[in-house]
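Data first, discussion second: the structure below is written as structure tokens.
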Amino acid sequence: MVPGTICHTRPVTEISLAQARRIALGAQGFNNARPTGRIDRRHLRKVLDHIGLIQIDSVNVLVRSQELPLFARLGPHPRTLITDATQAGELFEYWVHEACHVPVEQRPLYGWMMTGHPRWKAMRRSAAERPELIQSVLDRLRAEGPLVASDLQMHDRPKGQWWDWDDGKFALEHLFRLGEVAATRRPNDFARMYDLAERVIPADVLNAPTPTEHEAKKELLVLAASYFGVGTAADLADYHRLAHTRPHLAELVEEGRLIATRVEGWKHQAYLHPDAKRPRRIIARAVLSPFDPVVWFRDRAERLFGFHYRIEIYTPEPKRQFGYYVLPFLLGDELVGRVDLKADRKAGKLLVQGAYGEPGIAEAHVAEELADELKLMAGWLGLDEVLVKPRGDLSGALSVAI
């Protein structure tokens, strides 16, 4: 048996790599034309029906990453959609893929993580050794909340083992993972604002039954399959950062909730969601956040698109191949290039620090489509001009198209 496969009694279907790409992009919402007219929270809900969660990142060289998956699927839209939905109790923040905005109705599926996720075992142990600290922070929140970590002013001793956190930040983050505390984001500096969960999460959600770990993992794997359309065990597990999922996948196939599948060129078993659409064609154009689900699992991006992608934010500048904040460019059902982007807000310019095409592309056509997308983005961000710097093999054609 090939490593990574699971033996099933149900027959295994086979699909081509091209079909898998179209299924995957359709599942992610790229089978739908961008809306015209006024865009509101209903459109946000539709995007979340396709992607399930939005990863949060604080880097703001272009725009904070959580706004980009919406722009990729909706085009220009009110930039308060996520904040407004959070304030209305429709979204909450939690550690899922990473820090993510998640539909609040899914919160019960993470109850087992809150009480016993293995990756926070050491953190729980440290918290158990200092119950008076945890209780004192809870009391402060109850009396004063919401608070940011700096409000607690617990800087009277050297910072501890958890990153560069002081005691107050440690206690808040422990309570956040435990689910007793919820968090929103302060607009001016994006800092987490912590408060008691009962003040942030709707009561019917807080009081909803919590599935067992086994049942919750099964539900999360089915959700991941619906968002990806088709994926390997590793793909599906990575969506919500699950481990030890082989028995759950086997059960889901036997129950008919997933379909065992082989994808052309993939070494490992794949799983198809029974309701996955099989588009004949994808008409899409989007620059993708480094943390968009289409590309966030780099191995999957290579298997689906033949696109080697690594984020280079933490790579020293002389060693970067493509640039600091590089976004893949999706055209049709292919990743055809990448652009290193920066918003120069003071000068009112969207800077293309570098532009690169994939081998074999129709360069002039790709450049024209990318130029139109960047102009659209610049307008959405309130920038007046797109300026292309002469770096990368696509920069010349893109400069002409701009």
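The values are calculated or read from the model by the stated rules, or taken from the named source; none is laboratory data. These figures come from a predicted structure and were not determined experimentally. Cβ sites come from the backbone with ideal geometry, for glycine too, and all protein chains shown count toward neighbours. Please note that ligands, DNA and RNA were not included when accessible areas were found on the heavy atoms of the full protein model with its side chains. Shrake-Rupley method; radii C 1.70, N 1.55, O 1.52, S 1.80 Å.
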| message | Using protein chains only and a probe of 1.4 angstrom, how many square angstrom of His50 are accessible, to the nearest 10? | response | 50 Å²
| note | For the pair His365 and Gln87, the simple spin-label estimate (label points 7 Å beyond Cα toward Cβ) gives in nm 4.5 nm
| task | Holding the Cα-Cα limit at 27 Å, pick out from Lys217/Lys267; Lys346/Lys375; Lys121/Lys169; Lys121/Lys218; Lys169/Lys342; Lys46/Lys121 the pairs that are longer than that. | result | Lys169/Lys342; Lys46/Lys121
| query | Where only protein heavy atoms count, and the probe is 1.4 Å, what is the accessible area per residue for the stretch 358-402 in Å²? | reply | 51 Å²
| Whole-percent carbon and sulfur share, accessible surface of the chain, 1.4 Å | 51 percent
| message | Which three numbers, in whole Å and largest first, are the semi-axes of the equivalent ellipsoid of the chain derived from its Cα gyration tensor as √(5λ)? | response | 35, 30, 19
| query | What's the extension gain from Arg281 to Glu144 if we count 0.36 nm per residue and subtract their Cα-Cα distance? | reply | 43.9 nm
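Once you have the Cα-Cα distance between Lys319 and Leu17, take 0.36 nm times their residue separation minus that, and quote the gain in nm to one decimal. All intermediate terms of the calculation are to be shown ahead of the outcome.
Details: separation 302, 0.36 × 302 = 108.72 nm, distance 3.30 nm.
Residue separation times 0.36 nm, minus the Cα-Cα distance, leaves 105.4 nm.
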| Most fluctuating residue of Asp292, Asp372, Asp235 in a GNM of the chain with Cα springs under 10 Å: which is it? | Asp372
| field | Per residue accessible area of the stretch 6-87, 1.4 Å probe, in Å² | value | 44 Å²
| task | Return one whole number: the accessible area per residue of the stretch 263-310 in Å², for a 1.4 Å probe. | result | 47 Å²
| task | Would you give the gap between the C-alpha center of the stretch 332-402 and the C-alpha center of the stretch 113-150, rounded to a whole Å? | result | 45 Å
| field | Loop trypsin sites (Lys or Arg not before Pro), the stretch 328-391, which have at most 15 other Cβ atoms in a 10 Å radius of their Cβ (DSSP) | value | Arg345, Lys346, Arg391
| message | Take Thr115 and Asn207, extend 7 Å from each Cα along the Cα→Cβ direction, and tell me the distance between the two endpoints in nm. | response | 1.9 nm
| field | For the chain, built as a Gaussian network whose Cα springs stay under 10 Å, the top-fluctuating residue of Ala143, Ala88, Ala18 | value | Ala143
| Once the other residues with Cβ under 12 Å from the Cβ of Ala401 are scored (Lys, Arg +1; Asp, Glu -1), what is the net sum? | -4
| Where in the chain lies the longest segment free of GluC sites (Glu not before Pro) that are both loop residues by DSSP (not H, G, I, E, B) and have at most 16 other Cβ atoms within 10 Å? | 265-402
| note | the stretch 119-150 scanned against label point 7 Å out from Glu198 along Cα→C-beta; backbone N under 12 Å for 142-143
| query | Rank Tyr325, Tyr314 by accessible area, highest first, at a 1.4 Å probe radius? | reply | Tyr314, Tyr325
